[in-house]
Each structure stands twice: as C-alpha cells, then as structure tokens.
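Just so you know, all these numbers are worked out from the coordinates, no wet-lab data involved. Note that the structure is a prediction, hence the values are computed from the model and not measured. Using ideal geometry, Cβ is built from the backbone for each residue, glycine included, and neighbour counts are taken over all protein chains shown.
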Amino acid sequence: MQHFPIAMYHYRRRMTREVGFGPISLGGYRPIRVESMTTTHTMDTKASVEQCRRLYEAGCEIIRLTVPTEKDAGNLRFIRDQLRRDGITTPLVADIHFSQKAALKAVEFVENVRINPGNYANTRKFSNEDYSDEAFRVEYEKVREEFVPLIAKAKEYGVSMRIGTNHGSLSDRIVSRYGNTPDGMVEAALEFARICEDEGYHDILFSMKSSNVRVMIQAYRLLVVKADTELRHAYPLHLGVTEAGDGDEGRIKSAMGIGALLEEGLGDTIRVSLTEDPVNEVPVGFALVKKYNDYWKVKGEKAHVPVNELIEPKSVQSSFAMPPFDPFSYRRRRTRVIAAGPDNIGGENLPIVETTAGKHAESGETLLEELRSRLAFGSPDAVVRSEHVTVPVSSPGEVETLGTILDELGEYRNRIGAAVQDLALAGGLLDIVDRVRVDIKEGEMIEKNLFDSLHDRGALIEFCFVHENASVNVPAEVLTKIASKLKDRGMQRVLFSVDSSAAVYAYRYLVGNFNDAGLDYPLVIRYRARNMGRLETLIACAIQCGTLFCDGIGDMLGLETDFPGSEEAGLAFNILQAARVRMSKTEFISCPGCGRTYFDLEKTAAVIKSRMSHLKGLKIGIMGCIVNGPGEMADADFGYVGSGKGGVSLYVGKACVESNIPEKDAVEKLVELIKSHGRWVDPPQ
Ligand code: SF4
C-alpha cells in the first residue's frame, strides 16, 4: 500500500517537537492552543494592556501584538511588565514585517517572534524581475546574513520563532522562481528553517496562511510533506485563514480551513482571525479545537503518530493511505451529469443546495407552508433559498398526503424529493416526486426487484448510507457494491451519499472505492447537525462539508440542522462560497486590523458590505494598512486599503489607482471605481 504522510481517513495527530512559549509549550502531547492578536497601537501601552487583559479573561492562551518599528518593540517592555504585575502571564508574540531592528529589539520582551519570510530581509515590490541563479543565491545569502543575528538573540533569550508565510506576500525572488503558489510559500518557509537548523536553533514553528481556503489547506499539506522529509524535526504548525472577514462568513471560512487540517491531525496552535473585536475570536477558536483536544484526553498518546512511525501498526496504515484526490491542487472529481428537476447535477455544473424539511408529510398544510418558505416560493429573484427540498416519508398515508400538496407548488414541484427508510415505499413515491432518497443501514439488503422497478421508470434515486456504529469504511463498501450493480444494469440516474458524523473520512473512502471501481456517479454531500449550539453547527458543517468541496468532492450539498430553512440554505451557500466552488454573492477579503490600522475597520467593512454585497462573484479587499494590505488581499478585484491617518488608497487588482484619498469620500469613490470598470449592478429593490 502506498503511504501519504498525513492521516486522511482517521484522526491521528501529527507528532511534533514540543516548542516553548515562555510558561507554556505547544506541539508534542500539548493541547492545541488558541491565539489571538491585538488591534491596538503597540505604542499605546494603556490600550494594549487593556485589550490583552480582555483577551486573557476570555481564555486566550497566546497574544500577538504588531511591531512595526524598533520604537514599538521597545514599548513591548512596558506592556509586558504591566501585564506581569497584573498577574497575566499569557505568552506574548511580536508580529514582525520588514524591520529586522524591530525583531532584534522585540526578542528581549516576548516569548515568541513571528517573522514573515516574504519581507524579512527580502524585497517585495511586485516586480516581475527574473532572477538568475546567481542573483537568487546572492539575495539568499543576504537573507542568511540578516537572519542569523536574530536567531542568535532568540537562542540567548530562550525565545521561540514562528516562520509565518502568507500567500500574497512572498518575496519577488521566490515569486520569480515558484510563482505565487503553495510551492512558493513552502520554499520561502524552508529557506528560513534551513538557516535555523544550520545554526542549531530548533525552537521554531510554521504557518502558511492565505485568504483562499483551498490554497491555505494545500500549502500546509505541502509544507508537512516537504519539511518532514527534509528537516531534522517535525516542527509544530500554527493554523489560520487570513482576511477571513466577519460574522458567519468569517467563522465559516476559518472553520473550514483550520478544521480541514485539524481533521488531518495537523495543527498545534490556531488563530481565528475576524474583522471584529479580537475577544470574539477566542470562543470560536476553542469551539474549533474542542473535538480534537477532547479526543487526545480520551486516547492519550494513541492519538498521536510520530512521523517516522507511519508504517506500524496496521490500523495506522489505512489512515495514511493515498488520498483519492490531488491534495496539493484543486481538481473537481469527474462525474456524469444527471438532470434533477430544473437543474443538472454533476459534471461542471455548480453544486446545488438542498435541505430537508423538518415536517413529515403527514402534516399536510404545515408541510406545504414549510416547503414554500424553503423554496422562497413566488420570489424568483431570492438569492437564499433551498434549490431542492427533501421531505421525510414514513407511511403510505404520507405518500398520499405529499401527492396532494405538491400541485400547490406549481413549477416548483420538481424541486421536491422524498426520503424513505422503508424500501417498500420508494416505488410509490417515484410516481409523484422527481427524486427519492433511500436511507440504508449496514446489513440491509436491497431487493433485486427494486432495482428493476427503478430501471423501468428512469427515476432519479439517491442511496444514502446512514452511518452509525459501523467502521468508517463500511459505507463505501456497501455503496460501491450497489453502484456497481446499477452500473452493470446500465442505470444512469443515481446519486450516492453518506449520512455520517465523520463525513470527511467516510466520503474519502467512498470516492476511493468509486475510483477503483470506475464509478462516476455524482455525490450529494450530506451532513446532519442536530442539537448543537449555533456556533458549533456552523463549525461542524463548515469542516465536514467544506473540506470535501475544497478537495473537489461533491455535486450537491444537503444540510440538516436546527436552523430555520432560509438560514440553513444561507449556511450551505456560505460553505460553497468559502470553498470557492460556487460564488453566490460578493467575496469580502477583510483583515482583522492591528496596530497598523488608522480607521475603524469593523465599521467600514460593515458599510462596504451593506452597499456591495449584491455584486455576485466580485472580490473586494478591505485592508487596514498599505504595508501588508495590498499583498495580503491576494486575488481581490478591487481593494480599499488604509494608507495612514485619515487616508485610503483604492486598488484595482494589485495596482493602486487612487492614493491617499480622504476617508470620508472613500466608499463612494470605490463605488465609482467599480462602476467605471463595468462591474457594478444596482441592488435588487
Ligand atoms: S493588513 Fe491588516 S492585519 Fe495585516 S498588518 Fe495591515 S492592518 Fe494589520
């Protein structure tokens, strides 16, 4: 069996070196730590101490502060001393961009320093200059020269270091050779790590952040594969999605990127970055890591797999089998196309959103009301609606009731499916609905004559394996047997799904088995999140469904939650948008702000969102500072970037087209700019 060095089919945490952060440490057998970052100016001691105190009271385990200059670095002493006097021992991290002097000073007062390989002793002017081998080498030697003193001082003070690469802020040298790609991000980090190891310094960890969730996931995987092969130790990882934004969208994006990697056993500390009060980041972070830290509490050391022990024992082997998709670049799984009512499922078609009605068919009138509301009946322009709804049916009487109410839905009736557990009911339903989902469990037999009756009527049928206690690979084995039989009979119109709390692993097994058997039926990604809090529901759905879409798996998304219908559909659209497989509204890429921000970022982001959230498919960056903003907003079409006190610069792609305009005029100017590029449409009335 071929092995992949990351656990793709079961939870196994990657065993890393333990790295100190003053009074705590992370990696190894330590819990996954939750970090946040202040938004105050680091020269403002009082405000910074106050925000650190609020973060500490919220439970934050690591606090990062921006350090733009040597002067700010010097002021860290006063912040640290006040916090320690107040009994707050939370480790502090100095966030450094560009300034080696600031880094060298900050080391004296913090427990960890974060440097960005894209701008630490590297040039970054977005030039397209080609580097010859010699020019590349000379600049790398310059980096080494400037980096070694920082390493020496970090060793002297017992301070650890994060090599924090960001997509969009790579050096010109790296971009010239590797492009703005996960490969470039990984190489940028490895260059610095090699220097650390050459100097005998091993207190390091890595991060590979991006605002594009797919790029972020791929970059971390690539880093683990390359770094664990080449470097002397498996170093810990700090996980985060940059510029995730605010509200549900920000939480979903972060949960998807961070959660996808946590599911694969990667990550030793996380930051959920939101364009909100940083205190709000902390409970989201703890909700995200809870499942994995709890698992460790139960399983102890068995939850961890040292990197050099991937081959034994046997149960561990299957966790590390090759994934059935490309883990380093996005490619959608190839499937056949199947018509479902007014839509097509599979192939290149956008994934469809489906939800399940809470009311059973027995409830007649109330069910009709619910279906109308879920489908936004009579509102053809509604953006948030279930495109298909499935109704659970459990008796012949309910089949009849469903039949009588469907006519009331007119042209919407072909968006209604039914779900049955009793196979005998399936046949009767095929006459009245367009799609029937058959829920099957381990050990259940599918009668031969059911296949025959489906075949004769050309019905669209979905087989959903309800996964309860069986091993996580069982759904794949059962569904592959059914699918192979249907393929032999020449049946075209079939969908498959798994209803599992471990959806990521169960679908990976399913895709692997389908690939081996040459089956190209489309998949409905299903996830049931019942009896959970609101935040926990967002997180679980984002991880279990979003991870799969990021890996190119899934042709339809079916959620079942305790949310009202439109909110549930909204969650599904947000997941598809965050995975960038279906853009149903404007994509906002907004940073959380920090001490480099000189305007009210949260308020401005809210104003821009309220004016521009109808611009479907457009990507708008809202960034706190001109130092890092233009790079970090990555692939935004337009950018609103703070450029010092009271000033804002506007960008089209990476080009600054208006600089330093007064803040009070900037939103209107942005609207004009979008209009002048023909990308504006008036909002629906
Ligand atoms: S882009 Fe935002 S978070 Fe990043 S350094 Fe600038 S203001 Fe701070």
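Mind checking Rg over Rh on segment 471-599, alpha carbons, Kirkwood formula for Rh?
Values: Rg = 17.5 Å, Rh = 16.3 Å.
Across segment 471-599, the Cα-based Rg/Rh ratio is 1.08.
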Give me the aspartates and glutamates in straight-line cross-link reach of residue 155: C-alpha distance below 15 Å, same-chain residues under 8 apart excluded. 108, 111, 197, 198, 199, 203
On the first, second and third principal axes, largest extent first, how far apart are the outermost C-alpha atoms of segment 242-392 in Å? 59, 44, 34
Take each of the peptides 198-204, 509-515, 165-171, average the number of other beta-carbon atoms within 10 Å over its residues, and list them starting from the highest. 165-171, 509-515, 198-204
Can you compute the helix-only [θ] at 222 nm over the chain? Use -39500 (n - 2.57) per DSSP H run of at least 4 residues, normalise by all residues, nearest 500 deg cm²/dmol. -12500 deg cm²/dmol
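What trypsin sites (Lys or Arg not before Pro) in segment 512-594 are in a loop by DSSP, with at most 13 other Cβ atoms within 10 Å of the Cβ? All intermediate terms of the calculation are to be shown ahead of the outcome.
Values: sites: 526, 528, 530, 534, 580, 582, 585; in loops: 530, 580, 582, 585.
Answer in residue order: 530.
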Past 23 Å, Cα to Cα: identify those pairs from 585/645; 209/645; 654/675, in the order given. 585/645; 209/645
Please state, to two decimals, what the Cα-based radius of gyration of segment 338-578 comes to when divided by 2.2 N^0.38 Å (N = residues). 0.95
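To the nearest 20 debye, what charge dipole does the chain have about its Cα centre, counting +1 at the Cβ of each Lys and Arg and -1 at the Cβ of each Asp and Glu? Show your work: numbers first, answer last.
Numbers: 84 positive and 96 negative charges, 246 e Å.
My answer is approximately 1180 debye.
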Using the per-residue mean of other Cβ atoms lying within 10 Å as a proxy for protection, in what order, highest first, do the peptides 132-138, 261-267 fall? 261-267, 132-138
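With an 8 Å cut-off on Cα pairs and a minimum separation of 6 or more residues, tell me the relative contact order of segment 587-676 in percent.
In percent, rounded to a whole number, it is 23.
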Cα convex hull of segment 502-570: how many Å³ per residue? 80 Å³
Mind putting together the pair-distance distribution for the chain? All Cα pairs, 10 Å bins, whole percent per bin, short to long. 3, 15, 24, 24, 18, 10, 4, 1
By how many degrees, between 0 and 90 and to the nearest 10, does the Cα long axis of helix 133-157 differ from the longest principal axis of the chain? 80 degrees
Taking neighbour counts of Cβ atoms within 10 Å as a proxy for exposure, in what order, fewest first, do 208, 491, 185, 322 appear? 322, 491, 208, 185
Rank these for me by crowding, 45, 242, going from fewest to most other beta carbons within 10 Å. 45, 242
Mind jotting down the distance between the C-alpha centroids of segment 86-111 and segment 134-196, whole Å? 19 Å
For q = 0.20, 0.23 Å⁻¹, Debye-computed log10 I/I(0) when each Cα of segment 587-676 counts as one equal scatterer: -0.84, -1.17
Built amide H within the under 5 Å cut-off of residue 657, gap 5+: 650, 651, 652
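I'm checking a number: the convex hull volume of the Cα atoms of segment 38-118, normalised per residue, in Å³. What is it? Can you show the working numbers first?
Details: hull volume 6.4 nm³, N = 81.
Hull volume over Cα atoms, normalised by residue count, gives 79 Å³.
Using only the alpha carbon atoms of segment 194-246, find the Kirkwood hydrodynamic radius as the inverse mean reciprocal pair distance, in angstroms to one decimal. Please list the in-between numbers first.
Values: mean 1/r = 0.0824 Å⁻¹.
Value: 12.1 Å, from the Cα pair sum.
Determine, for segment 338-578, the count of lysine pairs separated by eight or more sequence positions (or lying on different chains) whose alpha-carbon distance falls under 17 Å.
Values: 441/481; 448/481; 448/485; 448/487.
So the count of such lysine pairs works out to 4.
What number, in percent, do you get for the relative contact order of segment 71-153 if the mean sequence gap of Cα pairs under 8 Å and at least 6 apart is divided by its residue count?
Details: 74 pairs, mean separation 22.9, N = 83.
Computed value for segment 71-153: 28 percent relative contact order.
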Given the candidates 138, 256, 653, the one whose Cα lies deepest towards the positive end of the charge dipole of the chain, counting +1 at each Lys or Arg C-beta and -1 at each Asp or Glu C-beta, is 138
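Over every pair of different alpha-carbon atoms in segment 13-319, take the mean of 1/r and invert it; report that Kirkwood radius in Å. If you can, show how the numbers build up before the last one.
Values: mean 1/r = 0.0510 Å⁻¹.
Evaluated over segment 13-319, this radius sits at 19.6 Å.
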